[in-house]
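Please read the structure below before turning to the comments.
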Amino acid sequence: MKDEVFFSKGMSHIKEDYPDLYDISVALNDVCYTGKVLDYKTQKLMAIAITAASSDDRAIKKQILSGMKELNITKDEIMDVLRVVLLTAGKPAFTKAVRILYKVAE
């Protein structure tokens with residue numbers, strides 16, 4: 001994980017008050033984002049698609065921003081994964097994510 005960035009606002013409280021739970025969260029993140037078979041960029045694109053499918057505005061924006069900043073993921077690469085979101089999660093989730101992408105890319 002890059003700089004222990006969590007997208008949940010509650011993680012700062014967990015880090016301060018429950019460091020054991022925070023450490024477990026960091027370790028789980030490190031185990032999930034290994035890059036053993038799929039590289040980190042591909043895994044980040046998957047994370048963008050998953051958050052888009054869930055229609056969580058804040059998470060979509062944070063995933064897109066971190067992918068663009070940390071991994072130089074392009075708008076076109078994100079649109080490719082959002083096409084899959086359209087197919088699997090439907091038009092409302094797709095159009096919401098596209099709107100957020102275009103705001104972020106401006």
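Assorted remarks:
- Against the chain, whose longest principal axis comes from its Cα atoms, helix 40-54 is set at around 70 degrees.
- Candidates Ser55, Ser12, Ser66, ranked by Gaussian network fluctuation over the chain, Cα under 10 Å, top entry: Ser12
- Ordering Val84, Ile14, Ala59 by the projection of their Cα atoms onto the charge dipole of the chain, which places +1 on the Cβ of Lys and Arg and -1 on the Cβ of Asp and Glu, puts Val84 at the extreme positive end.
- Per residue convex hull volume, Cα atoms of segment 15-74, in Å³: 102 Å³
- For the chain, a Gaussian network of Cα nodes joined below 10 Å ranks Ala49, Ala27, Ala59 by mean-square fluctuation, and the top entry is Ala27.
- Placing +1 on the Cβ of every Lys and Arg and -1 on the Cβ of every Asp and Glu, with no other charges, gives the chain a dipole of roughly 580 debye about its Cα centre.
- When each of Lys36/Lys103; Lys36/Lys75; Lys15/Lys75; Lys36/Lys61 is checked by Cα-Cα distance, pairs over 29 Å: Lys36/Lys103; Lys15/Lys75
- Computed over protein heavy atoms with a 1.4 Å probe, the carbon and sulfur contribution to the accessible area of the chain reaches 57%.
- Residue of Ile14, Ile78, Ile48 that the Gaussian network model of the chain assigns the largest fluctuation, springs spanning Cα pairs under 10 Å: Ile14
- Between Lys91 and His13, full extension at 0.36 nm per residue minus the direct alpha carbon distance yields a gain of 24.5 nm.
- Relative contact order (percent, whole number), the chain, Cα cutoff 8 Å, 6+ residue spacing: 25 percent
- For the chain, the Stokes-Einstein estimate of translational diffusion at 20 °C and a viscosity of 1.002 mPa s comes to 148 µm²/s, using the Kirkwood hydrodynamic radius over alpha-carbon pairs.
The values are calculated or read from the model by the stated rules, or taken from the named source; none is laboratory data. These numbers were taken from a predicted model, which means no experiment stands behind them. Neighbour counts run over all protein chains shown; Cβ positions are idealised from the backbone, glycine included. Ligands, DNA and RNA are excluded from the accessible area calculation, which covers all protein heavy atoms including side chains. Shrake-Rupley method; radii C 1.70, N 1.55, O 1.52, S 1.80 Å.
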